[in-house]
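What follows is a single structure, written as structure tokens, with notes after it.
None of the figures in this text is laboratory data; all of them are computed from the coordinates on show. Predicted model only: the values in this text are computed from it and were never measured.
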């Protein structure tokens with residue numbers, strides 16, 4: 001059975017009760033850079 005009431009519509013921000021910080025992109029970028037540097041060091045040590 002269908003109700004005659006209208007459903008309340010909320011925005012995405014209201015639905016998740018706040019804003020999300022943009023820290024993820026920095027964490028991923030720094031982690032990727034560290035992995036590349038680490039592999040370069042390991043390669044340099046193994047090549048000698």
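Taking a ≥ b ≥ c as the square roots of the eigenvalues of the alpha-carbon gyration tensor, the chain is classed prolate because a/c is 1.5 or more and a/b outweighs b/c. Rounding to the nearest 10 and keeping the result within 0 to 90°, find how far the Cα-based axis of helix 23-47 lies from the longest principal axis of the chain. Value to nearest ten degrees: 20.
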